[in-house]
Structure formats: C-alpha cells, structure tokens
Amino acid sequence: MVVEVYPDNDVSAYSGAPRPAWARLLADVRAGTVDAIVGWHVDRLTRSPRELEDVIDLADKYGVELATVTGDVDLSTPTGRLVARMLGAAARHEAEHKAERQKRQRRQAAEAGRVAGGGHRPFGYEADRVTIVPEEAEIIRECVRRVLAMESLASIVRDLTQRGITTTAGNSFKVTSLRQLLCRARISGRREHTPRSNWETTRPIIGDIVADAVWPGIITADESDRVRAILTDPDRQTRQPGQRMNSYLLTGLLVCHCGARLVGRPRSGVPRYVCSNAPGYDSCGKTATNTARTDDHVRDLVIVALDSPEFIERLRSRQALGSEASDAVKDDELQLEALAQQWARKEITRREWMAARVVVEQRLERNRAAAARESRRHVLRGFVGTLQEMYQRWERMNVSQRRAVLSATLHSITVNPADPRKRWDPDRFVPEWIA
Ligand SMILES: [Zn+2]
C-alpha cells in the first residue's frame with residue numbers, strides 16, 4: 001500500500017539543486033515509517049552513485065525494499081546491487097552526454113555565420129567562444145583605449161610582450177596579430193561576414209558586419225568602428241614607419257625648405273633631423289637641426305596653439321565635418337548588409353550582388369579613411385586643458401602618443417635655412433596648422 005508520494009518532479013538530480021522530497025523520504029526511511037520504495041526506474045529515483053549508495057545503505061540497515069515499475073531491483077543481493085549501480089551509471093552517462101551535446105549545439109549556434117576556420121579559441125573568449133575571459137577582455141579594452149589615443153601598434157606590442165601577454169596559441173603578439181584581434185567585429189559582439197572574392201588569396205581583414213551576434217561584446221560597437229577605421233587607414237603605415245623612426249618624434253612632420261622630408265640621423269652620437277643627401281634624391285642635404293631642441297620647440301608651439309580658444313574652435317568646426325564621415329561609414333555598412341540580405345532572399349543574383357558591392361566598398365574605403373582622420377582628432381579631447389595640464393600630460397606620454405597630438409594639430413613644419421649668426425633660431429620653423 002502506497003502511504004505517501006514524494007514528488008520531486010521539477011528538480012533534476014544533476015542540477016545539484018536540493019530535492020526536498022528526497023531528503024524527506026530518506027528521513028522517513030531512517031525513522032522506520034517506510035518499508036518499501038516504489039520508483040519509476042532506478043535512475044529516476046537516484047541519479048548519482050552517491051545517492052544510490054545511500055539507498056543501498058538504508059536497504060541494508062532497515063531492510064527497505066526497492067521496487068520499480070520497469071522491474072524490481074533487489075538491493076539485498078550483490079547481483080541486484082550491481083544491476084542498480086549499472087542502471088544508475090548508464091543514466092548518469094546519458095545525462096552527461098546530453099549536457100555535452102547541448103553545449104556543442106550552443107557553440108555551433110554561436111559560430112553560425114563564422115567564416116574563419118577552427119584553430120585556437122579567440123582571445124578574450126573561452127573555448128565555447130561565448131564566455132568572456134575577464135583578464136583578456138581587460139587587455140583588449142586597454143589596447144583599444146591606446147589605439148584610440150593613437151598609440152602605434154608596434155608600441156603596444158612591445159609593452160604586451162614585456163608583460164608576457166601572449167595569443168591564445170601561446171605566441172607573442174605581433175603587429176599583424178594584434179591588428180587582426182582589434183579589428184575583429186567579434187570583440188564588439190557583432191558578427192562579421194568576410195566573403196573572399198575569386199581574385200583574393202587572403203581574406204580581407206575587415207568584413208561586413210551582418211548581424212548582432214549571440215556572444216557578448218567586450219567593447220562597444222562605436223569603439224569597434226573607430227578602431228577599425230584607424231587600423232585600416234592606409235595613411236597610418238607611412239606616418240608611423242616602425243619603432244626606430246618613432247624615437248624621432250618629428251619624423252614625417254618636418255619638411256626642409258627644399259621640399260624633402262627631414263630624417264632622423266645622429267652625428268657624433270647626438271640625434272639630429274637632417275635633409276638627407278643620399279644619392280638619387282633631389283634633396284639639398286644642407287639642413288640639419290638638433291632633435292632635442294627642435295622637439296621641445298615644436299611641443300611649445302603646439303601647446304601654446306592649443307591654449308588658444310580660437311584655434312580650438314577652428315579644430316572643432318573641422319570635427320563637425322568629420323562626424324559625417326563616420327555616419328557615412330555606417331550607412332555604407334548597412335547598405336552592404338541589405339545587399340547581402342537581398343541576395344539571400346534571391347531578389348538579386350550573386351553577380352548583381354558582387355557588382356553592387358564593388359561600388360559601395362569603394363565609397364566605404366574613402367569614408368573609413370575620412371573617419372580615421374576624425375578619430376585622430378579625438379586624441380585632443382584627452383589632452384587639451386590649461387597650459388600647465390598640457391605640459392604635465394605631455395611629460396607622461398610616450399613618443400607615439402605625442403605624435404598623435406602633433407598630427408592632430410599640424411600638417412607639417414617647414415624648416416628654413418638657419419641664420420648663421422644664431423646658435424639657435426626658432427624663427428626658421430614655420431608650422432602649417434590643420435585648422
Ligand atoms: Zn633640404
């Protein structure tokens with residue numbers, strides 16, 4: 001005769017959640033008010049080997065019989081216990097297998113639309129490609145902040161390497177791998193489609209953003225857009241030509257009166273900017289200026305300029321123009337997405353899709369370059385302040401960050417011939433301001 005029903009319908013033994021009725025049943029067995037347990041199946045009664053062993057102990061101690069609808073299990077004999085344990089183990093295996101299968105399905109869903117093949121897990125995410133790894137996410141955010149402050153990738157890579165931070169494959173970061181990581185739409189929680197055209201041997205670093213993904217972002221979509229614009233700007237390479245040149249702050253900005261760009265070159269161990277007289281160049285080869293004094297002078301010129309409200313106002317009006325570029329980038333990206341959807345719905349052929357893409361992509365390229373120039377000016381927001389603040393900030397900046405401030409302010413500085421009567425002639429430097 002059934003005296004009491006102990007329902008634990010909603011609580012799986014695997015969830016680890018407490019099963020109140022189960023606890024009550026065991027208590028009643030110990031109290032001697034139960035002499036038989038009837039269950040649907042052994043695995044519905046006890047789903048962990050530990051629970052089964054509890055029941056076997058109780059059966060021993062209190063002589064409780066266990067009956068199941070699918071067949072009795074006699075816990076009083078070794079064979080009966082073996083059967084019970086095997087049934088329990090099989091049920092447990094099935095449950096674990098099911099959990100594993102669900103995890104795999106979730107991962108496949110997350111990866112749907114992902115084009116790049118397997119390999120290592122993406123930096124910032126666990127192997128399930130969904131769960132964020134907090135320490136790595138913090139490094140990504142730091143790198144993004146530094147790129148937005150116009151620090152060079154080479155400078156960031158050197159720092160990461162010194163700190164022993166590696167890729168998920170365990171290699172040191174290189175400029176290329178860091179650029180790839182920071183350009184990935186994935187880190188902003190967006191899905192990217194990078195179709196490879198017939199004539200391209202490698203996938204483009206930037207794809208079209210096709211949808212919000214199911215994984216969480218580490219940075220915002222806006223940050224991602226700006227970083228992508230900066231890191232794919234074709235101007236960037238020539239402006240920041242490697243780390244050795246970077247130690248000369250003004251390389252690329254100083255222009256000789258003869259029209260040639262000055263290069264950094266020490267004489268007797270003293271760094272100087274010189275007009276190169278290398279054979280095959282049209283440069284005069286006669287202009288030279290001391291690096292330290294010139295750097296300080298240009299710093300003073302720029303900080304004094306940024307202290308002027310009129311100059312800031314002119315820069316600001318240029319920025320208003322710039323934000324249109326960033327809107328245009330978004331429009332182009334939306335249009336590419338719309339085209340892809342039209343193709344997916346078979347409203348246009350693949351050939352039509354590709355033809356339309358070329359037009360939009362060329363415009364997108366130009367707009368991204370314009371947006372990058374705008375981003376370059378973002379750097380000034382964190383720099384401009386009182387004269388004293390600007391000098392303090394300058395002291396704390398590395399070469400790459402200082403260059404960012406300079407190139408957000410100046411197009412170039414022309415260096416005229418030195419007055420031979422003066423040891424130091426500040427008037428020979430003629431800045432061409434951006435605004
Ligand atoms: Zn020259």
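The values are calculated or read from the model by the stated rules, or taken from the named source; none is laboratory data. Everything quoted here is computed from the prediction, not taken from an experiment. A quick note on method: Cβ atoms are made from the backbone with ideal geometry, for glycine too, and the neighbour counts reach across all protein chains shown.
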Exercise. If you go through region 291-304 one residue at a time, how many are surrounded by 18 or more Cβ atoms within 10 Å (Cβ to Cβ) and among the aliphatic types (A, V, I, L, M)?
Worked result: 4
Seminar exercise, completed: Counting only residues in region 411-427 that are part of a loop (DSSP other than H, G, I, E, B) and either of a type in the set (K, R) or in contact with a Lys or Arg (Cβ under 9 Å, 6 or more places away or on another chain) (or both), the one surrounded by the fewest Cβ atoms within 10 Å (Cβ to Cβ) is identified as R421
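For region 410-425, name all the residues that are in contact (Cβ under 8 Å) with a residue 24 or more places away in the chain and within 19 Å of L306 (Cα to Cα).
Quick first cut of region 410-425, residues in contact (Cβ under 8 Å) with a residue 24 or more places away in the chain only: 410, 412-418, 424.
Across region 410-425, the qualifying residues are L410, S412, I413.
May I ask you to verify whether Q392 is under 27 Å from D222 (Cα atoms) and not aliphatic (A, V, I, L, M)? Lay out the reasoning, then the answer.
Details: under 27 Å from D222 (Cα atoms): no; not aliphatic (A, V, I, L, M): yes.
No; evaluated as a whole, the condition is false for this residue.
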Exercise. Quick one: what pairs do we get from region 330-359, first residue within 28 Å of R226 (Cα to Cα), second acidic (D, E), C-beta under 6 Å, 6+ apart or different chains?
Worked result: L336/D208
Exercise. Is at least one residue of region 400-410 in a strand (DSSP E or B) and buried (at least 17 other Cβ atoms within 10 Å of the Cβ)?
Worked result: yes
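Those residues that are away from the ligand (no atom under 16 Å from the Cβ) and basic (K, R), I need them from region 268-302; list them, please.
Result: R293, R299.
One line per residue, one yes/no per condition, for (1) farther than 18 Å from R403 by Cα; (2) surrounded by 12 or more Cβ atoms within 10 Å (Cβ to Cβ):
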site: G259; (1), (2): yes, no
site: R267; (1), (2): yes, no
site: V270; (1), (2): yes, no
site: Y273; (1), (2): no, yes
site: S276; (1), (2): yes, yes
site: T289; (1), (2): yes, yes
Seminar exercise, completed: Going through (1) away from the ligand (no atom under 13 Å from the Cβ); (2) of a type in the set (V, I, T); (3) outside any loop (DSSP other than H, G, I, E, B) one by one, T251 fails only at (3)
For this session: Pick out the one residue from R190, R184 that is modelled with pLDDT of 85 or more, away from the ligand (no atom under 16 Å from the Cβ), under 22 Å from R357 (Cβ atoms) and buried (at least 18 other Cβ atoms within 10 Å of the Cβ).
Result: R184
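This table checks each residue for (1) hydroxyl-bearing (S, T, Y); (2) part of a loop (DSSP other than H, G, I, E, B); (3) within 29 Å of the chain's Cα centre (by Cα); (4) modelled with pLDDT of 70 or more.
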| position | (1), (2), (3), (4) |
| --- | --- |
| G71 | no, yes, no, no |
| G80 | no, no, no, yes |
| R85 | no, no, no, yes |
| G88 | no, no, no, yes |
| R92 | no, no, no, yes |
| A95 | no, no, no, yes |
| K98 | no, no, no, yes |
| Q102 | no, no, yes, yes |
| A110 | no, no, yes, no |
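Against the condition in a helix (DSSP H, G or I) and at pLDDT below 85, how does Q392 come out, does it pass?
no
Scan region 129-168 residue by residue and report those that are small (G, A, S) and either in a loop (DSSP other than H, G, I, E, B) or free of Cβ contacts under 8 Å to residues at least 12 places away in the same chain (or both).
The initial filter retains those residues of region 129-168 that are small (G, A, S), namely 137, 149, 152, 154-155, 164.
Those that are small (G, A, S) and either in a loop (DSSP other than H, G, I, E, B) or free of Cβ contacts under 8 Å to residues at least 12 places away in the same chain (or both): A149, S152, G164.
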